[in-house]
Amino acid sequence: MIPMVSVLAAPRIVTPEGVLAPGWIRVAGDRIDAVGAGAPAPDDAVHQLDGAWVVPGFVDVHVHGGAGGSYTTAHAEDARRAAAFHRTRGTTSTVASVVTAPLEEMAAAVATLAGLVAEGVLDGVHLEGPWLNPARRGAQSERDMRAPDPAELERLLAAGDGAVRMVTIAPELPGGLDLVRRAAAARLVVAVGHSDATAAQAEEAFAAGATHVTHLFNALRPLHHREPGVAGAALAHPTVTCELICDGIHVHDGAVRLAARAAGVHRLLAITDATAAAGMGDGTYRLGPMTVVVRGGVAELEDGSSLAGSVLTMDRAFARLVRDVGLEVEEAAAMTAGTPARVLGLRDVGVIASGCRADLAVLDEDLGLRAVMAAGAWVSP
């Protein structure tokens, strides 16, 4: 069967080699067949994109749900609904994050998500718990947090049948470093998060195989000039990558600028940390076993003791990185697509290049989302 071929032209296309202004993309089936600068060949049937920028489809490695659906359940339709919602906002690759819950509930959720990974609905699973420090629990269930246990890790990996790509661990807990080593040996991306580790303990974790930090600055020991903690150790480390929730609520825009200057955009990943509330408005929702209340677009636990994920979408994160943080469009594309794809080992997404999946986000002059292409097909809101 010969794949459908279309040629897309745009004023500006962000590629790994730079911005093509103007440029064109030839799409054949679900793949990018070729990319070029200038005008396409005159004999091509060209679709002129109604937008100012074309950037890679977004890659979100840390998201809990959306459109009322949560990933920390065993309900496949909830997960489908969440993934479909975020796809309409430009997220063409999703790693679903499962929060701390009773082990059997987590295993059931992971097994359900693994089926959706096999279908291509999702791109992997992230275990954000249960081996976290209660002192930095954030919006997760302290009751269900447990000491690092290799048998529990094996149980959840078996439930995932190869779908688990990332795990968050507090390495300062008893047995934490051993679990970091075991997870790294299983070829997982090992993230330090929900951790009260000192800088020295963080360095031990990096030496043991941790390469990533879950939502930098949030649910971590605060950065201090006499004890820089995980945040300071990670920003100073030449290879560790860090997530940032760029909603202007979880992290001040000045702190995002500081991180970008310290680490460079190729070590930073924009994430949403979105919950079921994303796309739904104010109200009451669930994050695993926890009740979340959203007021004025801010998600918090019922008692107001902690922020509880977000209602952010990746298109809004992208626009904020450029407008409010002050990054270039190419830098924002790296943080929202190229770097997260590289960190998770997703080799054919995250960039606009020949041979990659045809995942595109079309933006207007004000960086508002105009259109989304996922695997060569236009996505309807």
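The values are calculated or read from the model by the stated rules, or taken from the named source; none is laboratory data. The model shown is predicted, which means the values in this text are computed figures rather than measured ones. Cβ sites come from the backbone with ideal geometry, for glycine too, and all protein chains shown count toward neighbours. Please note that ligands, DNA and RNA were not included when accessible areas were found on the heavy atoms of the full protein model with its side chains. Shrake-Rupley method; radii C 1.70, N 1.55, O 1.52, S 1.80 Å.
List of remarks:
- Accessible-area value, Val99, 1.4 Å probe, nucleic acids and ligands omitted, Å²: 0
- A Förster distance of 22 Å, applied to the separation of the beta-carbon atoms of Gln48 and Ala353, puts the FRET efficiency at 0.55.
- Based on Cα atoms of segment 87-179, Rg over Rh with Rh as the Kirkwood radius reads 0.99.
- Cα point-scatterer Debye curve for segment 12-155, base-10 log of I(q)/I(0) at q = 0.11, 0.17 Å⁻¹: -0.57, -0.93
- Take every pair of alpha-carbon atoms less than 8 Å apart whose residues are at least six positions apart; their mean separation over the length of segment 332-377 yields a relative contact order of 24 percent.
- Kirkwood Rh, Cα atoms: Rg over Rh of segment 69-114: 1.00
- Largest to smallest in accessible area, the residues Trp131, Trp24 fall in the order Trp24, Trp131 (1.4 Å probe, all protein chains included).
- In Å², nearest 10: area of His225 left accessible to a 1.4 Å probe: 150
- Under 13 Å, Cβ to Cβ, from Val325 - net charge with Lys/Arg +1 and Asp/Glu -1: 0
- Of the residues Asp348, Asp33, Asp273, the one with the largest accessible area comes first in the ranking Asp33, Asp348, Asp273, computed with a 1.4 Å probe on protein heavy atoms.
- Counted by Cβ distance under 11 Å from Pro222, the other residues give a net charge of 0, where Lys and Arg count +1 and Asp and Glu count -1.
- Solvent-accessible area, 1.4 Å probe, carbon plus sulfur percent, for segment 130-224: 48
- Relative to the longest principal axis of the Cα atoms of the chain, helix 253-263 runs at roughly 90 degrees.
- Note on segment 1-81: Rg/Rh from C-alpha atoms, Kirkwood Rh, equals 1.15.
- Charge-dipole axis of the chain as Lys and Arg at +1 and Asp and Glu at -1 on Cβ define it, positive-most pick from Thr272, Ala199, Ala39: Ala199
- Relative contact order, percent, the chain [alpha-carbon distance under 8 Å, six or more residues apart]: 21
- Separation of segment 366-381 from segment 46-96 is 11 Å, based on Cα centroids.
- Rg in Å to one decimal, and Dmax rounded to a whole Å, for segment 169-327 via C-alpha atoms: 16.1, 43
- Only one residue of Gly368, Val322, Ala358 has its Cα farthest out toward the positive end of the dipole of segment 288-371, where Lys and Arg carry +1 and Asp and Glu -1 on Cβ, and that residue is Ala358.
- Accessible area ranking (1.4 Å probe, heavy atoms, ligands and nucleic acids excluded), largest first, for Glu152, Glu104, Glu128: Glu104, Glu152, Glu128.
- Estimated translational D of segment 276-351 in µm²/s (Stokes, Kirkwood radius over Cα pairs; 10 °C; 1.306 mPa s): 112
- Per-residue [θ]222 nm for the chain (sum of -39500 (n - 2.57) over DSSP H runs n ≥ 4, rounded to 500): -7500 deg cm²/dmol
- Loop GluC sites (Glu not before Pro), segment 298-367 (other Cβ atoms within 10 Å of the site Cβ: 14 or fewer; DSSP): Glu302, Glu328, Glu365
- Normalised contact order of segment 64-115, rounded percent, pairs of Cα under 8 Å and 6 or more residues apart: 41
- Relative to the longest principal axis of the Cα atoms of the chain, the long axis of helix 76-88 makes an angle of roughly 50 degrees.
- Charge tally for Arg136 (other residues, Cβ to Cβ under 9 Å; Lys, Arg +1; Asp, Glu -1): +1.
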